[in-house]
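Undergrad: I'd like to ask you about the structure that follows.
The values are calculated or read from the model by the stated rules, or taken from the named source; none is laboratory data. Just so it is clear, the structure is predicted and the values come from calculations on it, not from any experiment. Glycine also receives a Cβ, built like all others from the backbone with ideal geometry; neighbour counts cover every protein chain displayed.
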Amino acid sequence: MIKKVAILANGGDVSGLNAVIRAIKKTAEVNGIECYGYIDGYRGLVNNNYIRLDGNPKASGILQKGGAIIGSSTNAIVFHYKVENPDGTIEYKDLSDQCVQNVKDAGFDCVFTLGGDSTQKGARDLFIKGINVIGVPKTIDNDVACTDVTFGYNTAVSVATEAIDRLHTTAETHDRIMVLEVMGRSAGWIALESAIAGGADVALIPEIPYDINKAAEAIKKRIAVGKRFSVVVVSEGAFPKGGEATSHAAEGIDDKAGISIKYGGEGQRVAKMLQELTGLEARCTILGYMQRGGTPTAYDRVLSTKYGAKAMELAMEGKFGVLTVLKNGKLDYVNLEEVVGNNKELGAVQGGTENSNVRNVTMDNDLVKTALDIGICLGK
């Protein structure tokens, strides 16, 4: 019998986090279950820092609010947790046993983990160590395995599409190539869908190493018929054939604490090369964190609410160690073992490895076929 549950959010913020929190809390309230939230995700789990959500005015009126009222942690991996010693030295410790004990001491019957690949990898490992967990798939990149869509993704696509609409007018007015760099470290869902929605001419994604000459040819064809402007969408993780994506070291982070490389700048590289190859001026806009924040779309509000309510239902049914998913339009769940793929090592530093079961764009996907059908160049 479930009597007391807790929620934690981990990884970058996305629109819809509060909607999921609200749905879990409200479903708990309807069923007489106490609901709590760990402050700042896995850090709150380590520090045993949580607040009560049911009956709390702070947890009311949050459906349309971006971010997460309980905060979120990034690069906080309880199996390799950064600890500063009294003498100022830094070391990384496995605090997973401490987390398990904290959950038991608090009396939580289930912990809901809101996050992407790395978050659910940590959840799977904590489940093996004795914590009842249920994951909810969150990431704007839409790359969590085993589900058709993650919450936060639709809002990110909508923001990117609006940016493309605005860049179109500037491109046409000044006879320029306008390049928009969007998020998408290893999956090109945002770039591809926003390119279709916004009427872009070129879309470069990580799944297709691009030939910049092909992109330039597509733009030259437009010039030949009097269209002296083009809009290009580039995933931050896109890269040329035989090359690598533009990246830089993440400040203050090393391999023991999480992903130590951040992508960004590929759009600027593409703009420079296209200007040289086509003779048109090219400008790059990096959308960055604009895709994460703000009010969630109606679609994400509904999806988040469905995910949260389903997660609470699963808890009441005693189904733990699972991820709530949407498959063929229907809510369902899968074991976290399926989600982590071959990344089975207990306490592995992070998700997103070569062994992870990340959901990428495949060449037989309808979005790819549609883009090619309407003449969007994918750099190949």
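Undergrad: State whether one or more residues within the range 261-273 are basic (Lys, Arg), at pLDDT below 80, touching a helix residue (DSSP H, G or I) at 6+ places or on another chain (Cβ under 7 Å) and farther than 15 Å from residue 180 by Cβ. Please lay out each step first, then the result.
TA: The initial filter retains those residues of the range 261-273 that are basic (Lys, Arg), namely 262, 269, 272.
Retained after the next criterion (residues that are at pLDDT below 80): 262.
Checking the rest, the ones that are also touching a helix residue (DSSP H, G or I) at 6+ places or on another chain (Cβ under 7 Å) come to none.
No, the range 261-273 contains no residue that is basic (Lys, Arg), at pLDDT below 80, touching a helix residue (DSSP H, G or I) at 6+ places or on another chain (Cβ under 7 Å) and farther than 15 Å from residue 180 by Cβ.
Undergrad: Follow-up. Is it fair to say residue 111 is of a type in the set (A, V, I, L, M) and either more than 26 Å from the chain's Cα centre (by Cα) or crowded, with 24+ Cβ neighbours inside 10 Å (or both)?
TA: Yes: the conditions hold for residue 111.
Undergrad: I'd like to verify a number: residues in the range 105-125 that are closer than 16 Å to residue 47 by Cβ and out of contact with any Phe, Trp or Tyr (no Cβ under 9 Å at 6 or more places or on another chain), how many?
TA: So the count comes out to 1.
Undergrad: For the range 72-100, give me the residue count where each residue is surrounded by fewer than 17 Cβ atoms within 10 Å (Cβ to Cβ), in a loop (DSSP other than H, G, I, E, B), within 28 Å of the chain's Cα centre (by Cα) and among the polar types (S, T, N, Q).
TA: Qualifying residue count for the region: 0.
Undergrad: Additional query: Checking the condition buried (at least 24 other Cβ atoms within 10 Å of the Cβ) and either in contact (Cβ under 8 Å) with a residue 12 or more places away in the chain or not assigned by TED's automatic domain parsing to the domain that holds residue 303 (or both), which residue from 163, 156, 218 passes?
TA: Being buried (at least 24 other Cβ atoms within 10 Å of the Cβ) and either in contact (Cβ under 8 Å) with a residue 12 or more places away in the chain or not assigned by TED's automatic domain parsing to the domain that holds residue 303 (or both) holds for just one of 163, 156, 218, which is 156.
Undergrad: Which of the residues spanning the range 296-311 are under 10 Å from residue 151 (Cβ atoms), assigned to a helix (DSSP H, G or I) and touching a residue at least 60 places away in the same chain (Cβ under 8 Å)?
TA: 299, 300, 301, 303, 304, 305, 306, 307, 308 - these are the residues of the range 296-311 that are under 10 Å from residue 151 (Cβ atoms), assigned to a helix (DSSP H, G or I) and touching a residue at least 60 places away in the same chain (Cβ under 8 Å).
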